[in-house]
Amino acid sequence: MTTLVSRSERVSLVRFAQQQAKGRRALDALVAKLRRRVTDTAGRSPEVLGMLGGRRHRVLGAELHVEEPGKNLLHAIRHAEVSTYDYDRDVLVSTIVDLASGDVVRAVEHRGVQPPPTREEVDEAAALATAEQAALARRWRARQVIATAIPAREASIEGHACYGHRAITLYFWTRGPRGSRVGGPVLVDLSRQRVVPPEPEGAPGTAGMDAGKA
Amino acid sequence: MGWVSHADWEFGWELPFTGGLAGGGLLIDCAIYKRRLVLLRGSAPFAIVPYHDPGGPFFKDGLGPAGGGVAFTPLKPDAPDLGAWNTPPGGFAANETQAVVVETLAADGIEPAKAIVWAKLNVYNYQYIHRWEFHADGRIEAMIGVGGELLGSQYGPGSPYRKLNHIHNFYFRLDFALDGSSTHVVEEMTHAGNTDTWTAITNETKRSVVPSQFTRWRVRHPSKTNLAGQPVSYEIIPESVDPPAGTYSTGDLWTVIKKGFSSEMGAEVKNTDAFLQAGYGAGKPLAGNGVILWHVVREHHKVEPDAEDKITVPYHFGGFTIRPRGFLDTTPQKLYKTVPPSP
């Protein structure tokens with residue numbers, strides 16, 4: 001394997017991280033560059049490929065990762081974590097990559113961990129959510145509305161149709177500083193690529209909460 | 001990820017958006033006071049929130065949500081104090097840079113200099129704020145803020161959910177490394193009459209505050225002492241008034257043998273805390289092992305849906321103090337901006 005980050009880049013990472021607000025823009029730019037490299041590395045890993053087994057998945061992102069802490073930030077910033085969601089098995093595959101050596105240290109599966117929805121996931125969910133709402137779909141395609149998303153409560157309610165899935169709740173807003181909400185909540189199950197039918201408000205503890213009230 | 005140096009402290013912070021720790025909020029890494037390691041990692045990865053109804057809901061929010069709970073979703077610091085459905089697109093943070101605030105404050109007449117890191121998190125109807133303060137006197141103040149809207153507000157003011165009182169049980173995970181030590185002794189203080197006694201907690205177990213005994217805990221280095229021969233230690237001073245209710249949250253402190261830096265971070269716990277003792281812990285002896293402490297900050301939220309909580313829940317904070325005792329050889333000096341200068 002080849003190094004993913006030169007020593008000078010690691011030193012820059014440390015310097016930008018120490019500069020707090022002043023270094024954030026430079027840090028973000030450098031991390032974005034590293035993100036592409038580590039994502040490629042994880043994507044080629046036989047271990048990760050074996051875990052994903054050709055199933056439907058998506059890389060959610062890659063971040064710097066503290067694998068072993070130390071008194072020295074240069075020592076702490078030695079790894080990155082690439083996150084890939086397997087929608088067929090509903091597991092988050094976390095790949096730890098050594099930035100210096102370019103090696104995949106390990107790949108671990110997490111079940112039940114729900115990172116915030118990514119922009120790509122929100123776009124996919126919005127396309128599903130607007131499929132049967134012609135007016136909203138037109139506004140969505142014309143970029144007149146924007147979607148916000150949070151992980152869905154229903155994904156952690158045992159017995160619910162979305163239980164254990166990658167499910168998100170969407171809201172649609174008009175653009176601009178004085179935007180207003182014009183749609184949602186819509187419950188979208190990304191694991192099954194479907195909108196889950198609405199359920200009424202029920203007694204406390206009833207599954208569904210405000211699901212699907214578009 | 002960032003690194004802060006101020007007020008005799010250095011520490012790192014992380015707010016993962018995508019990895020195995022995403023959804024669990026802010027993490028503190030390698031907190032160093034006066035060039036001596038104190039806390040290897042601190043976090044408040046989940047909350048258990050049972051509502052006062054036999055049918056629930058009984059949420060576990062944060063890392064590995066359960067029972068209808070959700071992961072913590074980072075917001076921008078200036079996001080309005082509202083539930084998810086009322087939070088405009090510009091309120092959600094796209095990355096750490098947009099979400100995390102670091103403040104470095106100078107000393108004044110009564111407060112030493114301090115470094116603060118905080119992040120605002122959406123939790124469906126609620127917002128939680130993870131806030132850690134590092135004071136130049138060696139104190140760490142770990143806090144949780146609560147805001148947002150009452151559950152049920154999405155249905156309108158008449159929703160029965162809005163009237164349900166509930167308890168926020170916030171679980172903090174503390175991984176100490178006093179002077180770099182990988183093992184520690186954990187002790188509990190009891191007060192009776194004019195006597196305060198420290199007793200070692202010898203096994204993986206669960207403890208609760210006994211107000212009449214002024215319960216507090218300390219983590220001490222296994223062998224090191226200061227110049228006066230006192231054990232190098234940090235005390236954990238619980239500040240929640242509310243006790244564990246007993247079904248969903250059952251204690252105030254757990255001692256668990258450490259399995260690794262990023263192991264047993266809280267994702268496996270369901271919407272009761274039973275797994276802390278029966279899953280992470282197994283009653284094994286602590287001697288010679290690294291110890292993870294779990295501590296609960298608790299708020300019984302007696303809601304006021306027709307008064308102060310009618311529109312939104314004003315932000316309010318609870319927390320606890322981690323304080324050096326015997327860690328230093330003398331009083332830290334020049335802490336305050338006074339005239340003439342305090343020693």
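The values are calculated or read from the model by the stated rules, or taken from the named source; none is laboratory data. From a predicted model like this one, the values you see are computed outputs, not experimental measurements. Cβ: placed from backbone, ideal geometry, glycine included. Neighbour counts: every protein chain shown.
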query = In the range B:156-168, is there at least one residue being in contact with a Gly (Cβ under 7 Å, 6 or more places away or on another chain) and buried (at least 21 other Cβ atoms within 10 Å of the Cβ)?
reply = yes
request  = Being farther than 19 Å from B:Gly266 by Cα and at the interface with chain A (Cβ under 10 Å from one of its Cβ atoms) is the filter here, so list the residues in the range B:1-29 that pass it.
outcome  = B:Met1, B:Gly2, B:Trp3, B:Val4, B:Ser5, B:His6, B:Glu10, B:Gly12
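Okay, residues lined up against (1) within 14 Å of chain A (Cβ to nearest Cβ); (2) in a strand (DSSP E or B); (3) in contact (Cβ under 8 Å) with a residue 12 or more places away in the chain:
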| site | (1), (2), (3) |
| --- | --- |
| B:Trp85 | yes, no, yes |
| B:Thr97 | yes, no, no |
| B:Thr104 | yes, yes, yes |
| B:Glu111 | no, no, yes |
| B:Val117 | yes, yes, yes |
| B:Lys120 | yes, yes, yes |
| B:Trp132 | no, yes, yes |
| B:Asp137 | no, no, yes |
| B:Ile144 | no, yes, yes |
ask   = Just checking, which of B:Gly266, B:Gly246, B:Gly229 is more than 23 Å from the chain's Cα centre (by Cα) and on the phi > 0 side of the Ramachandran plot?
value = B:Gly229
query = Taking the condition free of Cβ contacts under 8 Å to residues at least 24 places away in the same chain, crowded, with 23+ Cβ neighbours inside 10 Å, touching an Asp or Glu at 6+ places or on another chain (Cβ under 6 Å) and not in a strand (DSSP E or B), does B:Gly69 pass?
reply = no
key: Residue in the range A:52-66 that is in contact with a Gly (Cβ under 8 Å, 6 or more places away or on another chain) and of a type in the set (Val, Ile, Thr) present   = yes
note = The lone condition B:Asp78 fails out of (1) touching a residue at least 40 places away in the same chain (Cβ under 8 Å); (2) more than 7 Å from chain A (Cβ to nearest Cβ); (3) under 24 Å from A:Lys22 (Cβ atoms) is (1)
Residues satisfying the stated conditions in the range B:241-265, i.e. surrounded by 21 or more Cβ atoms within 10 Å (Cβ to Cβ) and either touching a helix residue (DSSP H, G or I) at 6+ places or on another chain (Cβ under 9 Å) or over 24 Å from A:Glu67 (Cβ atoms) (or both) = B:Tyr248, B:Ser249, B:Asp252, B:Leu253, B:Trp254, B:Thr255, B:Val256
message = Every residue in the range B:178-229 that is charged (D, E, K, R) and over 24 Å from B:Arg139 (Cβ atoms), please.
response = B:Glu204, B:Lys206
task = Output the strands (runs of 3 or more DSSP E) that fall wholly within the range A:118-214 and possess 3 or more residues being at the interface with another protein chain (Cβ under 8 Å from one of its Cβ atoms), under 20 Å from B:Gly62 (Cα atoms) and modelled with pLDDT under 90, or say none.
result = none
remark   = Exactly one of B:Gly266, B:Gly288, B:Gly283 is within 24 Å of B:Val210 (Cα to Cα) and in a loop (DSSP other than H, G, I, E, B), and that one is B:Gly283
